[in-house]
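Undergrad: So that we are looking at the same thing, I have put the structure below in structure tokens.
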Amino acid sequence: MSIVDKVIDRRLLLKGFLVAGPTLAVAARLDLQPAGATIPGVGTPMYEEHSDFMDEYIQLSQPFLYDLLVEIKPDNRVYFEIPRMEVGQGIMTTIATMMADNLDVPLESMDVALSKADPKFQDSQWTGASNSTRMLWDPVRVVAAKLRAHLTAAAAQQWLLPAATLRTQNGYVIAPDGRKLSYGALTAAAATVVPTDAPRLKKPDEFKLIGQGRTRANTKDIVTGKATYCMDLTEVPGAKPTIPAVWATHGATVKSVDNAAEVMAIPGVIAITPYPGYPEQNIPGGVAITAETFGIAKKAKNALKVTWSAGPMDNLSDKQIDDLLAGIQDKCVAPDLGEGVIDANFRWPYVSHAPMETNTAVAHATADKVEVWSGPQIPITAVRNIAKVLGYAENQVVIHIGPRGGAFGRWLFHDAVFQSAQISKLAGMPVKFMLMREEDIKSGRTRPVSLHHLRATIKGGQVATFEHRMACPEMDLRHGLGDIVSHQVVTYNNNGAGLWFFECAGSGNVPYNFGVKAVTLQQHVLAVPNGAWRVVYSGQVCSANEILVDELARLLGKDEYQFRREYLMEDKQRRVLDMVAHEGQWGRPLPAGVAQGLGFHQEYHSLCAYLMEVDTRGAEPRMTRCTIAVDPGFAINPTGITSNMYSAAHDGFATVFKAGLHIDNGATRESNWNDYKWTRMYDSAPEMSCHIVPNTQAQPGGIGEVGIPAAAAAAANAWARATGKKARNFPINEYGA
């Protein structure tokens with residue numbers, strides 16, 4: 001399998017099959033109304049779940065998920081474009097494996113690229129909510145089945161044999177007597193033939209590649225530094241390095257540039273361009289410095305003197321923000337029923353996405369066209385906003401998609417894409433835009449600070465009530481999920497897309513039989529840019545829930561594992577919990593100051609449990625062992641699943657012990673890795689294992705996010721059991737409790 005860095009141009013793009021030279025191509029909805037309806041087995045229901053906030057919307061746009069471009073070349077190679085973003089989660093390998101197996105071609109013969117922003121996908125071309133693999137599962141199977149049917153029909157016509165007697169294997173159609181024709185040799189005939197036999201979806205026991213673990217196709221290139229990311233792009237000759245000077249305090253705007261002539265005199269400086277951003281969509285403005293090198297641009301940015309307006313948060317620091325949120329937070333109301341109550345308040349700080357590759361984009365705006373090379377997770381919304389604000393028709397805006405070096409939700413928001421296009425038009429030149437690390441942390445998007453009031457009561461030896469009241473700054477989903485959620489806002493009494501997202505996502509899912517349960521959210525608009533951060537609200541809500549579950553178990557004098565097992569509502573949940581307890585040796589003897597902690601979470605049609613061991617005897621807590629059990633539905637690539645679950649362990653650990661941003665008089669205090677802490681190699685457990693429940697369903701669940709709440713809770717619960725303290729304020733390294 002090869003990953004194509006530069007997407008080839010599409011010469012023809014029609015429904016159904018076509019001849020493009022001697023190739024067989026499909027850009028296929030395949031005239032299925034509704035999509036896939038003519039093929040038995042498509043749309044097999046996934047198992048029931050309390051939380052899948054996007055499924056209803058995605059079903060409305062599902063026909064467009066079948067508009068996949070697959071091209072079989074005469075040399076028997078298969079070119080396949082994936083209408084999703086590769087941000088390190090490995091979907092290019094996973095989805096290419098799905099196509100190769102269903103099409104019956106070797107994975108090595110696949111050439112895979114990411115689709116450019118294409119209006120034909122409408123709002124189905126987006127990467128988020130752990131939906132890429134599960135939402136392309138049926139479309140890939142259908143398109144591959146149709147292609148196989150045409151290829152087999154072409155071979156049958158040539159051999160004068162019934163198509164039903166032929167089989168496909170390794171890129172060939174094979175006759176009963178052993179004769180074979182390559183797909184490449186059949187493409188021209190297959191493009192025009194009309195199959196008489198209905199396409200047949202492969203059954204799970206026929207898969208040869210799906211279910212087999214494999215590393216990402218470009219792993220060697222990544223570890224040797226050969227892989228190219230958006231920041232490496234050189235597609236536009238003459239695109240000059242450009243970096244922004246951003247606001248002094250959140251929400252401020254540029255009043256004046258006070259020493260432009262002095263800075264322009266610095267050798268290598270090309271232009272100074274004030275730009276307004278797009279306030280309507282919370283994309284901030286600033287002053288762009290364009291120079292011959294990024295080093296010169298940074299030197300000029302540091303020398304630039306900008307007068308900024310006052311910001312709306314200039315009188316707010318962490319304490320005032322907390323007081324504001326506490327004032328709008330719903331109160332827990334269940335009375336103490338006389339047999340025990342736990343009343344707890346938690347605080348999670350602002351957290352930066354901080355991907356290894358910061359926000360970058362290359363843009364070239366001319367009088368009649370804008371081209372951008374970048375990697376937004378929702379490119380069509382970016383196209384619409386660029387066209388609207390910069391005065392172009394949507395068909396004059398082209399976004400070429402490339403892999404990103406991490407995202408975690410950050411690229412749901414196309415700030416750099418829009419800013420680069422705006423700066424290029426204002427400056428009159430192509431630009432290679434980069435938001436430097438310090439600007440990204442100080443002014444970029446964050447998981448918002450949040451307060452949580454939890455209260456649980458006991459009656460008759462059982463948990464009778466469980467309340468969770470959250471308050472946070474309003475989540476900005478306007479130009480991220482934008483069109484997808486805008487129609488939902490009105491139905492939720494104008495409380496905002498964030499509230500709809502919260503209520504429909506896994507954040508409201510308490511998987512335990514705890515009697516009367518209530519989870520609510522109140523929001524307040526603040527100027528700190530925020531957005532969806534890996535697993536969105538559940539990383540705070542469900543982590544806190546799991547901490548309280550541990551404390552309820554101890555209040556009732558029960559083992560934390562057995563308590564969960566008793567109160568979980570479904571066998572599939574207990575199966576995952578039992579697996580992690582067994583594989584992780586729950587209850588094994590450990591030295592004083594070292595303890596085990598459990599965490600469970602269910603979302604995106606997947607379930608997982610973490611059992612983490614944490615050593616608190618040193619200067620900082622350290623993860624020494626981590627065991628994971630996961631039910632991903634149908635496991636397509638166990639190696640990829642394991643990798644994602646390991647990454648969640650490190651992210652969960654970081655949010656509990658290390659990560660946090662502070663606001664001082666409207667400005668973010670932290671600026672780079674020297675003062676914004678994250679999990680380091682030292683923190684990684686020397687012993688980690690991931691155990692996957694054998695396939696339980698006909699379709700895969702989502703994996704990229706589900707592990708975060710369980711991992712964070714396991715880390716906090718291990719620390720609490722080791723120290724005898726209660727985890728309340730995070731990161732624990734800062735607050736100690």
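Undergrad: Counting only residues that are within 23 Å of PRO473 (Cβ to Cβ) and among the charged types (D, E, K, R), which one in region 660-713 is modelled with the lowest pLDDT?
TA: GLU705
The rows are residues; the columns are (1) over 31 Å from the mean Cα position of the chain (by Cα); (2) outside the structural domain of HIS364 (by TED's automatic domain parsing); (3) over 23 Å from ASP232 (Cα atoms); (4) at pLDDT 95 or above.
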position: ILE283; (1), (2), (3), (4): no, no, yes, no
position: THR290; (1), (2), (3), (4): yes, no, no, yes
position: LYS298; (1), (2), (3), (4): no, no, no, yes
position: LYS301; (1), (2), (3), (4): yes, no, no, yes
position: LYS305; (1), (2), (3), (4): yes, no, yes, yes
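Undergrad: Ok, one more. Can you find even one residue in region 594-611 that is surrounded by 20 or more Cβ atoms within 10 Å (Cβ to Cβ) and of a type in the set (Val, Ile, Thr)?
TA: If we filter region 594-611 for residues that are surrounded by 20 or more Cβ atoms within 10 Å (Cβ to Cβ), which is where we start, we get 595-611.
Right, trim to of a type in the set (Val, Ile, Thr) and you get none.
Scanning region 594-611, I find no residue that is surrounded by 20 or more Cβ atoms within 10 Å (Cβ to Cβ) and of a type in the set (Val, Ile, Thr), so the answer is no.
Undergrad: Tell me yes or no: at least one residue of region 141-148 is in contact with a strand residue (DSSP E or B) (Cβ under 7 Å, 6 or more places away or on another chain), at pLDDT below 95, farther than 22 Å from ALA635 by Cα and of a type outside the set (D, E, K, R).
TA: yes
Undergrad: Quickly run through region 48-70 and pick out the residues that are at pLDDT 70 or above and either in a loop (DSSP other than H, G, I, E, B) or surrounded by fewer than 23 Cβ atoms within 10 Å (Cβ to Cβ) (or both).
TA: TYR66, ASP67, LEU69, VAL70
Undergrad: Also, quick follow-up: Confirm whether ASP197 is more than 19 Å from ASN102 (Cα to Cα) and either free of Cβ contacts under 8 Å to residues at least 60 places away in the same chain or in a loop (DSSP other than H, G, I, E, B) (or both). If you could, list the steps in order and put the result at the bottom.
TA: Details: more than 19 Å from ASN102 (Cα to Cα): no; either free of Cβ contacts under 8 Å to residues at least 60 places away in the same chain or in a loop (DSSP other than H, G, I, E, B) (or both): yes.
So ASP197 does not fit the description; no.
Undergrad: Something else about it: Taking region 373-411 on its own, how many of its residues are in contact with a Leu (Cβ under 7 Å, 6 or more places away or on another chain) and closer than 20 Å to ASN282 by Cβ?
TA: So the count comes out to 2.
Undergrad: Does TRP373 meet the test of being assigned to a helix (DSSP H, G or I) and within 19 Å of TYR229 (Cβ to Cβ)?
TA: Details: assigned to a helix (DSSP H, G or I): no; within 19 Å of TYR229 (Cβ to Cβ): yes.
Considered against the rule, which asks whether it is assigned to a helix (DSSP H, G or I) and within 19 Å of TYR229 (Cβ to Cβ), TRP373 comes out as no.
Undergrad: Look at region 329-368 and say how many of its residues are within 30 Å of ALA245 (Cα to Cα), modelled with pLDDT of 90 or more and in contact with a Lys or Arg (Cβ under 6 Å, 6 or more places away or on another chain).
TA: Residues in region 329-368 being within 30 Å of ALA245 (Cα to Cα), modelled with pLDDT of 90 or more and in contact with a Lys or Arg (Cβ under 6 Å, 6 or more places away or on another chain): 3 in total.
Undergrad: Which of the residues belonging to region 602-623 are in a strand (DSSP E or B) and under 16 Å from HIS650 (Cα atoms)? Before you say what the answer is, go through the steps one by one.
TA: Let us first name the residues in region 602-623 that are in a strand (DSSP E or B), namely 602-603, 606-615, 622-623.
Matches in region 602-623: CYS608, ALA609, TYR610, LEU611, MET612, GLU613, VAL614, ASP615, ARG622, MET623.
Undergrad: Show the residue pairs meeting these rules: Cβ distance below 7 Å; 6+ apart or different chains; first residue within region 298-311 and at negative phi; second residue basic (Lys, Arg).
TA: Note: pairs meeting the criteria are THR307/LYS255; TRP308/LYS255; SER309/LYS255.
Undergrad: Taking the options GLU551, GLU566, GLU546, name whichever one is more than 26 Å from GLU705 (Cβ to Cβ), assigned by TED's automatic domain parsing to the domain that holds ALA710 and either touching a residue at least 40 places away in the same chain (Cβ under 8 Å) or part of a helix (DSSP H, G or I) (or both).
TA: Numbers: GLU551 fails: more than 26 Å from GLU705 (Cβ to Cβ); GLU546 fails: more than 26 Å from GLU705 (Cβ to Cβ).
Only one candidate passes the filter, namely GLU566.
Undergrad: Only residues that are crowded, with 23+ Cβ neighbours inside 10 Å and either part of a loop (DSSP other than H, G, I, E, B) or under 16 Å from the mean Cα position of the chain (by Cα) (or both): list them for region 355-370, please.
TA: Scanning region 355-370 gives a single hit, ASN359.
Undergrad: Right, next: Out of all the residues in region 372-391, is one or more at pLDDT 90 or above and charged (D, E, K, R)?
TA: Yes, that holds for at least one residue.
Undergrad: Next question. Could you tell me which of the residues GLY640, GLY587 is in contact (Cβ under 8 Å) with a residue 24 or more places away in the chain, more than 16 Å from ALA711 (Cβ to Cβ) and in a helix (DSSP H, G or I)?
TA: Values: GLY587 fails: in a helix (DSSP H, G or I).
Result of the check over GLY640, GLY587: GLY640.
Every residue, every condition in (1) in contact with a helix residue (DSSP H, G or I) (Cβ under 7 Å, 6 or more places away or on another chain); (2) at pLDDT below 95, yes or no:
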{"residue": "ARG575", "(1), (2)": "no, no"}
{"residue": "GLU583", "(1), (2)": "no, no"}
{"residue": "VAL594", "(1), (2)": "yes, no"}
{"residue": "GLY597", "(1), (2)": "yes, no"}
{"residue": "HIS601", "(1), (2)": "yes, no"}
{"residue": "ALA609", "(1), (2)": "yes, no"}
{"residue": "ILE628", "(1), (2)": "yes, no"}
{"residue": "PRO638", "(1), (2)": "no, yes"}
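Undergrad: Follow-up question, since we're still on this one. Among (1) within 23 Å of PRO379 (Cα to Cα); (2) modelled with pLDDT of 90 or more, where does ALA154 come up short?
TA: Looking at each condition in turn, ALA154 falls short on (1).
Undergrad: While we're on this one: When only residues in region 228-246 that are assigned to a loop (DSSP other than H, G, I, E, B) and touching a strand residue (DSSP E or B) at 6+ places or on another chain (Cβ under 6 Å) count, which is surrounded by the fewest Cβ atoms within 10 Å (Cβ to Cβ)? Explain how you work it out, then say what you get.
TA: Residues of region 228-246 assigned to a loop (DSSP other than H, G, I, E, B): 228-229, 233-239, 246.
If we keep only those that are touching a strand residue (DSSP E or B) at 6+ places or on another chain (Cβ under 6 Å) too, we end up with 233, 235-236, 239, 246.
Details: LEU233: 19, GLU235: 15, VAL236: 18, ALA239: 21, VAL246: 24.
That would be GLU235.
Undergrad: Does region 377-391 contain any residue that is under 30 Å from PHE657 (Cβ atoms) and out of contact with any His (no Cβ under 6 Å at 6 or more places or on another chain)?
TA: Kept after step one, since they are under 30 Å from PHE657 (Cβ atoms), are these residues of region 377-391: 377.
Of the ones still in play, those that are also out of contact with any His (no Cβ under 6 Å at 6 or more places or on another chain) are 377.
Scanning region 377-391 turns up at least one residue that is under 30 Å from PHE657 (Cβ atoms) and out of contact with any His (no Cβ under 6 Å at 6 or more places or on another chain).
Undergrad: Right, here's the next one. Is it true that ASP318 is closer than 25 Å to LYS459 by Cβ and under 32 Å from the mean Cα position of the chain (by Cα)? Show your work before the answer.
TA: Numbers: closer than 25 Å to LYS459 by Cβ: no; under 32 Å from the mean Cα position of the chain (by Cα): yes.
No; evaluated as a whole, the condition is false for this residue.
Undergrad: I would also like to ask the following. How many of the residues making up region 673-701 are small (Gly, Ala, Ser) and crowded, with 23+ Cβ neighbours inside 10 Å?
TA: Pass one, region 673-701, residues small (Gly, Ala, Ser): 684-685, 689, 698, 701.
Add one more test, that the residue is crowded, with 23+ Cβ neighbours inside 10 Å, and what stays is 701.
Going through region 673-701 one residue at a time, the tally reaches 1.
Undergrad: A further question follows. What are the pairs, 6+ residues apart or on separate chains, where a residue within region 84-95 that is among the polar types (S, T, N, Q) has its Cβ under 7 Å from a residue that is part of a helix (DSSP H, G or I)?
TA: GLN89/ASN644; THR93/GLY640; THR94/THR133; THR94/GLY640
Undergrad: While we're on this one: Condition first: closer than 16 Å to SER443 by Cα and not acidic (Asp, Glu). Now tell me which residues in region 307-321 satisfy that.
TA: TRP308, SER309, ALA310, GLY311, PRO312, MET313, LEU316, SER317, listed by residue number.
The values are calculated or read from the model by the stated rules, or taken from the named source; none is laboratory data. Since we're looking at a predicted model, the values are computed, not measured. Here Cβ is always computed from backbone atoms with ideal geometry, including for glycine, and neighbour counts include all displayed protein chains.
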